[in-house]
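Everything below concerns the one structure shown next.
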Amino acid sequence: MNVYVAKQAIVDRFSNIVGYELLFRDNYEQNKYTVTDGDRATLELLQNSIVNIGMNKLVGTKKALVNFTGNILESNICSFISPENIIIEILENIEPTDKIIDSCKSLKENGFVLALDDFVFNIKYVDLIKLVDIIKIDFFMTKNMERKNVMKKIHSINGNIKFLAEKIETPKDFKEALSLGYSYFQGYFFSKPQIVTGKKDEKTPVLFKEKEYNFV
């Protein structure tokens, strides 16, 4: 049985590929996200990436950004993955509860790099901002002044954060992001998601099962 993972390149200021965002796909023809269950999508993505395809085939020596739901963050799933090649991307709809903050602290202590996805500033995220390493700003959903203000507020809380501009689709977007001081860039201007195909073998161990993590 075939399995699929899409990957989209992330580049630095010189357009060198430094990593990939890994994206769940359930078929080859429809290169877009089609599942509403975020927990299942992340678990299947991890299973397909690590076990069925292999991280070396997907990203080589580069880093892989993987979206994590709140349930996944609070589980013990990170004992099965390596901080050497996976950056944990915290979804924008996650509430920064005490339990989430504690989970993120534990992940940092274990060597993981943390990124915040599609960030829009809100005071409730202050404790999370202090912990994360990368913040992604959506250039399609925000305006120039918004981006400047968000960066200024975030750097007043954590001056070590690096910014990733996503949905960069034109040379103008890239030029603006460069001028604002972004470190990383992602979007159709550089690369569309590419689907990688692997094989699921019945004898292959299933490391990532939803029922084993007591999700509610």
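Side notes on the structure shown:
- Pairs, first on the phi > 0 side of the Ramachandran plot in the stretch 155-180, second surrounded by 13 or more Cβ atoms within 10 Å (Cβ to Cβ) and part of a loop (DSSP other than H, G, I, E, B), C-beta under 8 Å, six or more apart: Lys167/Phe139; Lys167/Gln186; Lys167/Gly187; Lys167/Tyr188
- For Phe119, the test of being surrounded by fewer than 17 Cβ atoms within 10 Å (Cβ to Cβ), under 29 Å from Lys175 (Cβ atoms), touching a strand residue (DSSP E or B) at 6+ places or on another chain (Cβ under 9 Å) and of a type in the set (A, V, I, L, M, F, W, C) is failed.
- Residue in the stretch 49-98 that is modelled with the lowest pLDDT, counting only those that are small (Gly, Ala, Ser) and within 13 Å of Phe112 (Cα to Cα): Ser79
- Residues within the stretch 47-76 that are among the basic types (Lys, Arg) and either over 22 Å from Ile129 (Cα atoms) or surrounded by fewer than 16 Cβ atoms within 10 Å (Cβ to Cβ) (or both), tallied: 2
- Where Asn67 falls short, out of the listed (1) part of a loop (DSSP other than H, G, I, E, B); (2) in contact (Cβ under 8 Å) with a residue 24 or more places away in the chain: (1)
- In the stretch 88-115, the residues that are in contact with an Asp or Glu (Cβ under 8 Å, 6 or more places away or on another chain) and not small (Gly, Ala, Ser): Glu89, Ile90, Leu91, Glu92, Pro96, Lys99, Ile100, Ile101, Val113, Leu114
- Reported count of residues in the stretch 48-87, each being among the hydrophobic types (A, V, I, L, M, F, W, C) and within 16 Å of Ala9 (Cα to Cα), is 8.
- First in the stretch 77-89 and surrounded by 18 or more Cβ atoms within 10 Å (Cβ to Cβ), second anywhere and modelled with pLDDT under 90 and part of a loop (DSSP other than H, G, I, E, B), Cβ under 7 Å, 6 or more apart: Ile77/Phe208
- Counting only residues that are more than 26 Å from Val11 (Cα to Cα) and crowded, with 18+ Cβ neighbours inside 10 Å, the stretch 101-115 holds 1 of them.
The values are calculated or read from the model by the stated rules, or taken from the named source; none is laboratory data. This is a predicted model, so every value here is computed, not measured. For neighbour counting, all protein chains shown are included, and Cβ atoms are generated from backbone atoms with ideal geometry for every residue, glycine included.
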